[in-house]
1. List the residues, sorted by chain then number, that are 5 or more residues from residue 30 or on another chain and whose placed amide H is less than 5 Å from its amide H.
2. Taking 37 °C and 0.692 mPa s as the conditions, I'd like the Stokes-Einstein D for region 25-67 in µm²/s, using the Kirkwood hydrodynamic radius from alpha carbon pairs.
3. Residue separation times 0.36 nm, minus the C-alpha to C-alpha distance between residue 74 and residue 31: what's the value?
4. To make sure I understand the rule: partners must be aspartates and glutamates, Cα under 17 Å from the Cα of residue 28, and not fewer than 8 residues away in the same chain. Which ones qualify?
5. In debye, nearest 20: dipole of region 16-55 around its Cα centre with unit charges on the Cβ of K, R (+) and D, E (-)?
6. Over 20 Å between Cα atoms, which of 29/60; 35/70; 29/82; 35/80 qualify?
7. Expected output is a single nm value to one decimal: the length gained when fully extending between residue 66 and residue 15, i.e. 0.36 nm times separation in residues minus the C-alpha distance. What is it?
8. Return the long-range amide H neighbours of residue 57 (sequence gap of 5 or more, or a different chain), with a cut-off of under 5 Å between placed amide H atoms.
Amino acid sequence: MKKITTNKPTLIPKVYCNLFGHDYQVTKKVTYHVKEYTCRHCRKELTTNSNGTLTELTPKFREINAILEKIHATRIERSKIKSDTSSIYHQVV
Ligand SMILES: [Zn+2]
């Protein structure tokens, strides 16, 4: 008796990624240089590390990014104030 298997092997996302590569999309902009990415197929998450290269988004990196995001927001606020006050100190030639 021959056993007929009708179950087609389902193309699991990981296999798809292995064949075609991950399809990362930016999910979060932490700073100008640091972003978080998620693969559309397997939901693998990446982030930019301090070297500017991509690395897996571990809970530790998530924590770092949260801090970076706060610092970045503060810097933007400060730079706004700074550009306002610097116009006062404009050099007279
Ligand atoms: Zn993937």
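1. Those lying under 5 Å, H to H, from residue 30 are 35, 36.
2. Once the numbers are plugged in, D ends up at 321 µm²/s.
3. Details: separation 43, 0.36 × 43 = 15.48 nm, distance 1.12 nm.
Gain on extension, residue 74 to residue 31, equals 14.4 nm.
4. Result set, ordered by chain and number: 36, 45, 56, 63, 69.
5. Working: 6 positive and 3 negative charges, 20 e Å.
Charge dipole of region 16-55: 100 debye, to the nearest 20.
6. Values: 29/60 17 Å; 35/70 14 Å; 29/82 24 Å; 35/80 23 Å.
Checking Cα-Cα distances, 29/82; 35/80 exceed 20 Å.
7. Details: separation 51, 0.36 × 51 = 18.36 nm, distance 3.15 nm.
Going from the current span to full extension adds 15.2 nm.
8. The answer is 45, 46, 47.
Read-outs: derived from the displayed coordinates by stated rules, not from any lab. As the structure is a prediction and not an experimental result, all values here were calculated from the model. Because the Cβ atoms are built from the backbone with ideal geometry, glycine has one as well, and the counts that use them run over all protein chains shown.
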